[in-house]
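The values are calculated or read from the model by the stated rules, or taken from the named source; none is laboratory data. Keep in mind it's a predicted model, so treat the numbers as computed, not measured. So basically every Cβ, Gly included, is an ideal-geometry build from the backbone, and we count neighbours across all protein chains shown. Please note that ligands, DNA and RNA were not included when accessible areas were found on the heavy atoms of the full protein model with its side chains. Shrake-Rupley method; radii C 1.70, N 1.55, O 1.52, S 1.80 Å.
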Amino acid sequence: MPESTVKQDARAKLLDAALSVIRTKGYAATTVDELCKTAGVTKGAFFHHFKSKDELAVAAAEYWSQMTGALFAHAPYHGPADPLDRVLAYVAFRKELLRGELPDFTCLVGTMVQETYETAPAIRNACMRSITGHAATLEADIEAAMRARGMAPEWTAKSLALHTQAVIQGAFILAKATGGPGIAADSIDHLYRYIEMLFAASVPPQTT
């Protein structure tokens, strides 16, 4: 195997290890030694690709965005013709992802930013780009739903898209606090109902 391929494999293994270990233990509790052990690479290989654990974290946030971006780009919630139905289907899809153990469905960047927002600006900014970048993928459907219903509210499609992420990230925190996905599922159900009511309130009553 060419040396360049071996090196690339080591980098990818370290990024995969970061996604697994950090979501399980948190960023502060994750060590370079543990990342190397999980990835099956040497410490020399780690420092060949990353100058520090923080640099790996920034790369892991970008890697997370790529991985999840591909998942959501091909998810079934894009199918409905009505843009509001697509937004609601997105929320329902997020609930469907609450499967397995906590590290299986919680968010890497949400986990990291809670620990590093003050102490590691580079990680904080990488996590912000990941979260806001994902939220931005909802804006077009929200705007289309607003136009279809003749809405001109004080809030914006961007603010609602970010609110969905605030609820979902908060739901992950509650899941961690309670040790299971039940309360997170309830929170996402409330988000679904909130969006339904938000748009229903803008529809004028039918006259006969």
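Measuring with a 1.4 angstrom probe and ignoring ligands and nucleic acids, Y194 comes out at about 100 Å² accessible. Using a 1.4 Å probe on the protein heavy atoms, what percent of the accessible area of the chain belongs to carbon and sulfur? Reported share for carbon and sulfur atoms: 58 percent. Binning the alpha carbon pair distances of the chain at 5 angstrom intervals from zero yields the distribution 1, 7, 14, 17, 17, 14, 11, 8, 5, 3, 2, 1, 0, 0, 0, 0, expressed in whole percent.
Give the accessible surface of the chain per residue, rounded to a whole number of Å², with probe radius 1.4 Å and ligands, DNA and RNA excluded.
I get 53 Å² per residue for this part.
Charges on Cβ only, +1 for Lys and Arg, -1 for Asp and Glu, centred on the Cα centroid of segment 1-91; of Y90, V41, W64, which one is farthest towards the dipole's positive end? With unit charges placed on the Cβ atoms, the residue in question is V41.
Lys and Arg at +1, Asp and Glu at -1: add these up for the other residues within a Cβ distance under 13 Å of L84 and post the number.
Summing Lys/Arg as +1 and Asp/Glu as -1 gives -2.
Summing +1 for each Lys or Arg and -1 for each Asp or Glu, what net charge is found among the other residues whose Cβ lies under 11 Å from the Cβ of C127? Within the 11 Å Cβ shell, the charges total 0. Between Q66 and S159, the simple label model (points 7 Å from Cα in the Cβ direction) yields a spacing of 3.6 nm. In segment 58-80, whose amide N lies under 13 Å from the spot 7 Å out along Cα-to-Cβ of R129? List them in ranges. Counting only backbone N, you get 58-66. Here the simple spin-label model places points 7 Å from the Cα toward Cβ, and for E118 and A177 these points are separated by 1.9 nm.
Stretching the chain fully between D16 and A185 yields a gain of 58.2 nm (0.36 nm per residue, less the alpha carbon separation). Less than 15 Å Cβ to Cβ from A28, Lys/Arg counted +1 and Asp/Glu -1: what total charge do the surrounding residues give? Once positives and negatives cancel, what remains is 0. In summary, the lysines within cross-link reach of K51, defined as a Cα separation below 27 angstrom excluding same-chain residues under 8 places away, comprise K7, K13, K25, K37, K43.
Cα centroid distance between segment 35-54 and segment 67-137, in Å? What the calculation gives is 26 Å, centre to centre.
Ellipticity at 222 nm from helices only: DSSP H runs of n ≥ 4 in the chain, each -39500 (n - 2.57), divided by the residue count, give -24500 deg cm²/dmol. Rolled with a 1.4 Å probe across the full set of protein chains, the surface gives V87 an accessible area near 10 Å². Between T137 and K25, the FRET efficiency from the beta-carbon distance, with R0 = 30 Å, is close to 0.55. Working ranking of peptides 157-163, 118-124 by packing, defined as the average number of other Cβ atoms within 10 Å per residue, highest first, is 157-163, 118-124.
Report the relative contact order of segment 80-208, percent, no decimals, based on alpha-carbon pairs under 8 angstrom and at least 6 residues apart.
Answer for segment 80-208 is 31 percent.
Using a simple charge model, +1 on the beta-carbon of Lys and Arg, -1 on the beta-carbon of Asp and Glu, nothing else, what dipole does the chain show about its Cα centre, in debye to the nearest 20?
Charge dipole of the chain: 280 debye, to the nearest 20.
Projecting label points 7 angstrom from Cα along Cα→Cβ for R147 and H48 puts them 5.1 nm apart.
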